[in-house]
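K.L.:
I have a structure I would like to understand better, so I am pasting it below and will then ask my questions one at a time.
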Amino acid sequence: MTNAAVIMTGLIISWLFAASGVVRAESFRRISGTQIQARFSGMDMTDDVHWRDSFGRDGTLISQSMGKRRSGKWRVENNQLCIELGQESSGCYEVWLAGTRVEFRREGYDGSSLEGRLEKLGSSNQTAKEPRQ
């Protein structure tokens, strides 16, 4: 599956959740660049199934999606979170929070968003090592 296909799959899933009423946009609030830096530095964002992005304190970004690992960079610019993971997966997003739930929104994309959850870096069971036998 190409990077574009993975991104489109994530967007379609987000749209389906939004259309079904599972996502309550009214509970989300947009956060500022300073808040983005504080919230994302040293954290993971994940959908708990298909992908996980790890935001290093030094601006490094490690993305694991559908079994593929990529590395890039992240930064805050004009009160938006900007990611660089290659030509197909780069851009800047408004960040909206509701507790640990996060939405990335982009202007000009028909209200589409990508939703995930923030957690401490490496706290997922997916990153735990298998026990030795």
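The values are calculated or read from the model by the stated rules, or taken from the named source; none is laboratory data. Source: prediction; values computed, not measured. Note that we place each Cβ from the backbone using ideal geometry, even for glycine, and neighbour counts take in every protein chain shown.
K.L.:
What are the pairs with Cβ atoms under 7 angstrom where one residue, in the range 46-61, is crowded, with 16+ Cβ neighbours inside 10 Å and the other, located anywhere, is basic (Lys, Arg) and outside any loop (DSSP other than H, G, I, E, B)? Sequence gap at least six, or different chains.
P.N.:
Correct list of pairs: Thr46/Arg52; Thr46/Arg117; Leu61/Lys73.
K.L.:
If I go through the range 78-91 residue by residue, how many of them are part of a strand (DSSP E or B) and surrounded by fewer than 17 Cβ atoms within 10 Å (Cβ to Cβ)?
P.N.:
Just the residues of the range 78-91 that are part of a strand (DSSP E or B), to begin with: 80-84, 91.
Okay, now just the ones that are also surrounded by fewer than 17 Cβ atoms within 10 Å (Cβ to Cβ), so 82, 84, 91.
Here the count works out to 3.
K.L.:
Out of all the residues in the range 1-53, which are more than 22 Å from Gln80 (Cα to Cα), at pLDDT below 55, outside any helix (DSSP H, G or I) and β-branched (Val, Ile, Thr)?
P.N.:
Val22
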